[in-house]
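So the structure is just underneath, and the comments pick up after that.
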Amino acid sequence: MSSMNPADRQSYWDRHATASNLPGDVPLSAETLPDEIAFYLTPEQEFAYGALGALEAKRALEIGCGVGVNAIYLAQNGAWVAAIDRSSERLKTLRSVSDEMDLGGRLHAVCAMAEQMPFRSGVFDAAYTKASLIHTDLPVALAECRRVLADGGKGVFCEPTRHNPLAHIYRRFFAPKQWRSITRYFSRREERAIAEAFGNVRSESFYLTAFLAFYWCFGRKHLRRFKRWLEALCKLDRALFGLCPALRRFAWFRVFVVEKRR
């Protein structure tokens, strides 16, 4: 990752504050949220939510929440949620939708960095990320995550890796150049950092050929075609992973599940 300073990073995210999977870049609102969640409920998300376990009355933290689709989903499923992001503009969207849905008492949006969280130690039962640790000083962010988790608390981190050849083509030729300066995709080094911070780690790999299905999510934005392609290509990926487990290294996403132990 480059030496882009925190102010420049926040400016980047503030300028790209309307992230949405809906056709025509429809802004997120209480009305459009169900359709947005339909795009978000992909296999790695479902695995991650399952790994978090029962959420009723749990204190959950989302690190790098963006406009807050996942944070809202966690709150809707019974958790008391603190959602942090460095972008104040994205948090405005989250607060607006949360207020529309009368979730204000269950969901608190906080402008903060993963490396310096304004919470007491041991306060959360669960911590969750989706493609946000790749934008952090990872060892520092992991240490902070461990600090704010209670003993026995779970961390579930969904992060993209650097080795998928299809994703590499996209990043090399189509992703914004500035994106490269604020991103460090996961490799074995980052996986070791998680193990060093938490001890035992279990993980699951997602999307080898199925990366292609996301054209219908981020490109043409067609939910039915996205789900159809994703289901078919995920079946192919499971078969390929079964035939050659070494191919898991080339998955686009990995989900890491950890637990804070004394």
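Might you check whether a residue that is touching a residue at least 12 places away in the same chain (Cβ under 8 Å), crowded, with 16+ Cβ neighbours inside 10 Å and of a type in the set (Lys, Arg) occurs anywhere in the stretch 189-212?
Checked against the condition, which is being touching a residue at least 12 places away in the same chain (Cβ under 8 Å), crowded, with 16+ Cβ neighbours inside 10 Å and of a type in the set (Lys, Arg), the stretch 189-212 yields no hits at all.
If you scan the stretch 143-174, which residues turn out to be among the β-branched types (Val, Ile, Thr), farther than 18 Å from Ser203 by Cα and in contact (Cβ under 8 Å) with a residue 60 or more places away in the chain?
Hit for the stretch 143-174 is Val148, nothing else.
So Pro176 fits all but one of (1) touching a strand residue (DSSP E or B) at 6+ places or on another chain (Cβ under 9 Å); (2) within 26 Å of Ala141 (Cα to Cα); what number is the exception?
All conditions pass for Pro176, except number (1).
Restricting the search to the stretch 60-88, which residues are charged (D, E, K, R) and more than 19 Å from Gly152 (Cα to Cα)?
Asp85, Arg86, listed by residue number.
Where in the stretch 1-102 are there helices (runs of 4 or more DSSP H), lying wholly inside it, with at least 1 residues that are surrounded by fewer than 17 Cβ atoms within 10 Å (Cβ to Cβ), among the β-branched types (Val, Ile, Thr) and modelled with pLDDT under 95?
By residue number, 33-40.
Anything in the stretch 174-201 that is at pLDDT 90 or above and either part of a helix (DSSP H, G or I) or more than 18 Å from the chain's Cα centre (by Cα) (or both)? List them, or say none.
Arg188, Arg189, Glu190, Glu191, Arg192, Ala193, Ile194, Ala195, Glu196, Ala197, Phe198, Gly199 - these are the residues of the stretch 174-201 that are at pLDDT 90 or above and either part of a helix (DSSP H, G or I) or more than 18 Å from the chain's Cα centre (by Cα) (or both).
Taking the criterion of being assigned to a helix (DSSP H, G or I), crowded, with 21+ Cβ neighbours inside 10 Å, modelled with pLDDT of 95 or more and within 16 Å of the chain's Cα centre (by Cα), would at least one residue in the stretch 147-170 satisfy it?
no
Filter the stretch 213-239 down to residues that are touching a residue at least 40 places away in the same chain (Cβ under 8 Å) and of a type in the set (A, V, I, L, M, F, W, C), then give me how many there are.
6
State all residues of the stretch 240-262 that are over 18 Å from His168 (Cα atoms) and either in contact (Cβ under 8 Å) with a residue 40 or more places away in the chain or outside any helix (DSSP H, G or I) (or both); if no residue qualifies, say none.
Hits for the stretch 240-262 are Cys244, Val255, Phe256, Val257, Val258, Glu259, Lys260, Arg261, Arg262.
Does Thr136 satisfy the criteria of being closer than 21 Å to Gly66 by Cα, among the β-branched types (Val, Ile, Thr) and touching a His at 6+ places or on another chain (Cβ under 9 Å)?
no
The values are calculated or read from the model by the stated rules, or taken from the named source; none is laboratory data. What you see is a predicted model; the values in this text were computed from it and never measured. All Cβ positions, even for glycine, are placed from backbone atoms using ideal geometry, and neighbour counts span all protein chains on display.
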